Each structure stands twice: as C-alpha cells, then as structure tokens.
Amino acid sequence: MAHSRHASTGASGGLVDQSIDIDLLVGACVAEGERRGWTLEKLDGSEGVGLLALHRPGGPGARRLYVSAGMHGDELAPPLAILRLLKQDAWPENLDLTLCPCLNPTGFRRAQRENEEGVDLNRQYHLPEGTAPETVAHVEWLKGRERFDAALCLHEDWESQGFYLYELLRDERDSLATEILESVKGVSAIDHSDHIDGLEARAGVIAPRGEFGTMMEEWAEAIWLMENKTDVSYTLETSSADPLILRVAAQVKAVNAVAKRLSEK
Ligand SMILES: [Zn+2]
C-alpha cells in the first residue's frame with residue numbers, strides 16, 4: 001500500500017503505458033452493468049468528480065463481495081479489469097456484488113497517481129483528517145452498505161518483480177491467498193522477494209497482523225474497510241513491468257477466484 005512511483009519515472013524494462021479515457025471506460029462499465037440488471041449508485045457529495053458504484057444483489061443468504069479499482073490514476077489495469085469482469089459476466093449466482101470501477105477519475109484524466117489536487121487518495125481514509133472530496137463521499141456511501149464477506153482493492157506497482165498481494169485478516173481460516181496466487185500464475189510471475197514495499201513478504205504475500213488501525217497513520221482504503229466493513233481484505237498488485245493485457249488478465253483471474261471460493265463457502 002505504500003507506493004510512490006509514477007509512469008514517467010519508468011517501469012523497469014517495461015512499456016510505459018499511455019493514459020486511458022476513463023470517462024469512456026466508466027461509461028462502458030455502467031452500460032454493461034445496466035444491460036445485465038445491475039443497479040447504478042451515484043455517490044452523494046462526489047458530484048464534482050462523479051464517483052459511482054454498481055451493485056448486483058444476490059439471493060437470500062448470498063455472500064457479499066466488494067471490489068474497488070482506480071484509486072491511483074496511473075494504474076490502468078484495475079478499471080480495465082472491472083470492465084472485463086462485467087462483460088464476461090461469469091459471476092456465481094449466490095453472490096451479492098458491489099463494484100467501484102474508478103475512485104479517482106481526476107487522477108486518470110491527468111494520468112497521475114494522485115487526484116487533480118495532488119492528493120494520494122489512498123492515504124485519506126483516516127477521517128476526519130482525510131478531507132479529499134472523493135474519500136469523504138466514498139466513506140459516507142460505504143457506511144450505508146452492509147458488511148462484506150470479502151473486500152478487494154485492485155492496484156498496480158511500478159517497481160515489483162511480479163504479482164503480489166496484501167492480506168488483512170482477522171481469522172487465518174478465511175485466507176484466500178492460495179486461490180488468488182494459483183489463479184494468476186498462468187499470466188503473471190509472482191514476486192518472490194522477501195521484502196516488498198519495505199515490508200516482509202513471503203511467496204507474494206504481505207500479511208501484516210495485529211491492530212489494523214495503527215498500521216498506517218494515514219489510512220489506506222483497506223484499513224478503513226477492515227476497521228468498519230469486513231474481516232477479509234486483499235489489496236492485489238499487478239506489476240507494471242508486465243504488458244497491460246496480462247495485468248488485466250491477472251486481476252480478472254484473481255477476482256474470479258475469490259468470487260468462486262466465496263460462493264462455495
Ligand atoms: Zn495503487
């Protein structure tokens with residue numbers, strides 16, 4: 001969760017991505033969702049930037065999965081993966097699904113990590129210190145949701161040697177790390193470094209344990225979710241050194257693996 005890299009400073013040996021038309025992309029997500037009966041929710045208070053979510057209710061007793069993307073405007077694969085997932089429409093029946101296709105539209109319009117005010121939104125989730133309008137609107141909206149059985153935050157890393165994830169859990173028995181890593185193996189190398197982002201890692205997993213609220217002074221979205229809405233959170237990180245098409249594929253496979261496992265529990 002602690003990155004400070006930019007496309008312009010270069011992916012090691014990889015292609016430097018171009019920006020994407022985020023408005024076109026989010027519009028396509030909305031069209032795909034609405035075509036399949038998903039509900040569009042516009043987040044109150046975000047009118048200036050236009051945050052939205054898509055929701056597909058599950059049947060009685062359905063498990064609840066939350067997936068967010070587009071927190072950092074220079075990480076292209078996550079919102080593209082959301083569109084791919086909506087088009088693919090291969091979700092298990094008995095899942096209640098909530099998707100946020102893009103949490104930082106102004107950052108994408110400038111192809112930069114931060115929003116247009118230069119704020120890293122993934123450090124704004126300790127309210128009331130966090131004052132970015134995107135985060136305030138996002139949190140207010142999240143407060144009105146029921147708890148999630150799992151939450152996924154999709155990200156990319158400009159320095160990693162492959163795919164890795166942050167696993168935040170209250171109960172080790174809820175771990176989905178094996179399923180996620182198995183699912184991406186075919187399209188992405190796993191980063192086997194013993195330290196990633198300054199944290200201890202093992203076989204592509206960073207698994208901090210303890211008091212989540214004290215792990216970071218400036219909370220990431222995943223910390224807020226653990227403190228308020230879930231007991232199981234994964235931040236998935238594809239490596240920007242890989243071609244975009246493979247990063248999107250890795251994100252899609254990881255989300256599908258979690259959806260499948262959750263529906264079987
Ligand atoms: Zn990120």
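The values are calculated or read from the model by the stated rules, or taken from the named source; none is laboratory data. All values reported here derive from a predicted model rather than from experimental measurement. Glycine gets a Cβ as well: all are built from the backbone with ideal geometry, and neighbour counts include every protein chain shown. Surface accessibility is based on the protein's heavy atoms, side chains included, excluding ligands, DNA and RNA. Shrake-Rupley method; radii C 1.70, N 1.55, O 1.52, S 1.80 Å.
Computed quantities for the displayed model
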quantity: Computed FRET value (nearest 0.05) for ASP231 with GLU129, which takes r as the C-beta separation and R₀ as 30 Å; calculated: 0.75
quantity: Neighbour-limited loop hits for GluC sites (Glu not before Pro), the range 188-226 (at most 15 other Cβ within 10 Å; DSSP other than H, G, I, E, B); calculated: GLU211, GLU217, GLU218
quantity: DSSP-loop GluC sites (Glu not before Pro) across the range 112-195, with at most 12 other Cβ within 10 angstrom; calculated: GLU117, GLU129, GLU146
quantity: Per-selection Kirkwood Rh - the chain (Cα, Å, 1 d.p.); calculated: 18.2
quantity: Number of Lys pairs (Cα under 27 Å; 8 or more positions apart or on different chains) in the chain; calculated: 17
quantity: For the range 44-104 versus the range 197-265, the gap between their alpha-carbon centres in whole angstrom; calculated: 15
quantity: Cα-derived Rg to Rh of the range 79-118, Kirkwood definition; calculated: 1.15
quantity: Length-normalised contact order for the range 36-150 - Cα pairs under 8 Å, 6+ apart - percent; calculated: 31
quantity: In nm, spacing of pseudo-spin labels at GLU93 and ALA203 (7 Å Cα→C-beta vector); calculated: 3.5
quantity: Overall dimensions of the range 85-193 as given by Cα atoms, namely Rg and Dmax in Å; calculated: 16.4, 42
quantity: Stokes-Einstein translational diffusion, the range 15-86 - Kirkwood Rh over all Cα pairs, 0.890 mPa s, 25 °C, in µm²/s; calculated: 181
quantity: Overall form of the range 18-157 per C-alpha gyration tensor (a/c, 1.5; a/b vs b/c); calculated: oblate
quantity: Percent accessible area from carbon and sulfur atoms, the range 38-150, protein chains only, probe 1.4 Å; calculated: 47
quantity: Mean accessible surface per residue for the chain, computed with a 1.4 Å probe while every protein chain stays in place, in Å²; calculated: 42
quantity: For the range 178-221, convex hull of alpha carbons as volume per residue, Å³; calculated: 106
quantity: Mean Cα-pair separation over length for the chain, i.e. relative contact order, pairs under 8 Å, 6 or more apart, %; calculated: 24
